[in-house]
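Reading through the structure tokens given below for one structure.
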Amino acid sequence: MSLNALTSVPLSHVLSRLGIRQGPAGTPTSRAWTLDALAGRLVEISSAETSASLTAATHLVLESQQRGEPAAWITPGTSSFYPPDVAASGVDLDALVVVRADGTLRAARAADHLLRSGGFAVVIMDLCEDARLRMPVQSRLSGLANTHKSAVVCLTRKTGDTASIGSLVSIRGEATSEHLEFDSYAWDIHVIKDKRRGPGWHHTGACRGPEGLH
């Protein structure tokens, strides 16, 4: 779905066609990489490894679908996640709204439109290495996230010691992954900024390493 097509179709129609009900995410409770902890917040996942940040984001999409809540993924026109990998993790691709939007500004506009529908528990924005969000954009996205209790998750290709996409990011984590054995991997989020609970905590998960990660 292109950005132009997205802005011309009411989000209620999109959700109805996918068989998804509208509803807010839960209330943040603890130090965990879950929708409850990230709901209502502007989030950044930084990683030098593309696969690590994609895995952390896919984890949230899967959780959203398991709760019966819609999720959306905004991806650049030149690249995207590898669908077989995401499907192998348990995500229902038919129920995932995917929007292609070239450039940070177009991605932000798409996120704005999705969030205003009030129907998405999580909106993933796959951004580039040097992406920065202007203050009015940050303010708008964080405000919409808070209003609708949605998690707005920005993926950036950089290490944790590089500047964030903006000062209004509520929580930022650096994602890494480690090959354990055969096709088994561990992924880790090291939280380097958390305005609500303080930085320094980790969340670790395990996953298979399908073809797209090799």
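From the list 168, 141, the one residue that fits, being open to solvent by 30 Å² or more (accessible area, probe 1.4 Å) and either under 17 Å from the mean Cα position of the chain (by Cα) or at pLDDT below 95 (or both), is 168.
Just one of (1) closer than 22 Å to residue 203 by Cα; (2) surrounded by 14 or more Cβ atoms within 10 Å (Cβ to Cβ); (3) not basic (Lys, Arg) fails for residue 148. It is (1). The set of residues from segment 131-175 being of a type in the set (Asp, Glu) and in contact (Cβ under 8 Å) with a residue 24 or more places away in the chain comprises just one member, 174. If we scan segment 113-130, do we find a residue that is open to solvent by 40 Å² or more (accessible area, probe 1.4 Å) and of a type in the set (A, V, I, L, M, F, W, C)? Yes, that holds for at least one residue.
Restricted to segment 144-164, and to residues that are part of a loop (DSSP other than H, G, I, E, B) and at pLDDT below 95, which residue is nearest to the chain's Cα centre (by Cα)? By that ranking, first place goes to 157. How many residues are hydroxyl-bearing (Ser, Thr, Tyr), within 23 Å of residue 141 (Cβ to Cβ) and in contact (Cβ under 8 Å) with a residue 40 or more places away in the chain if we restrict to segment 71-99? Total meeting the criteria: 3. Scanning segment 68-110 for residues that are in contact with a Pro (Cβ under 8 Å, 6 or more places away or on another chain) and of a type in the set (Lys, Arg) returns a single hit, 100.
Only one of these conditions is not met by residue 59: (1) over 13 Å from the mean Cα position of the chain (by Cα); (2) in a helix (DSSP H, G or I); (3) modelled with pLDDT of 90 or more. Which number is it? Failing condition for residue 59: (1). Here 24, 28 are screened, and the one residue that is within 21 Å of residue 201 (Cβ to Cβ) and either modelled with pLDDT of 95 or more or open to solvent by 10 Å² or more (accessible area, probe 1.4 Å) (or both) is 28.
The values are calculated or read from the model by the stated rules, or taken from the named source; none is laboratory data. Keep in mind that what you see is a predicted model, and the values were worked out from it rather than measured. Virtual Cβ from ideal backbone geometry, glycine too; neighbours counted across all protein chains shown. Note: accessible area is taken over every heavy atom of the protein model, side chains too, but ligands, DNA and RNA are not part of it. Shrake-Rupley method; radii C 1.70, N 1.55, O 1.52, S 1.80 Å.
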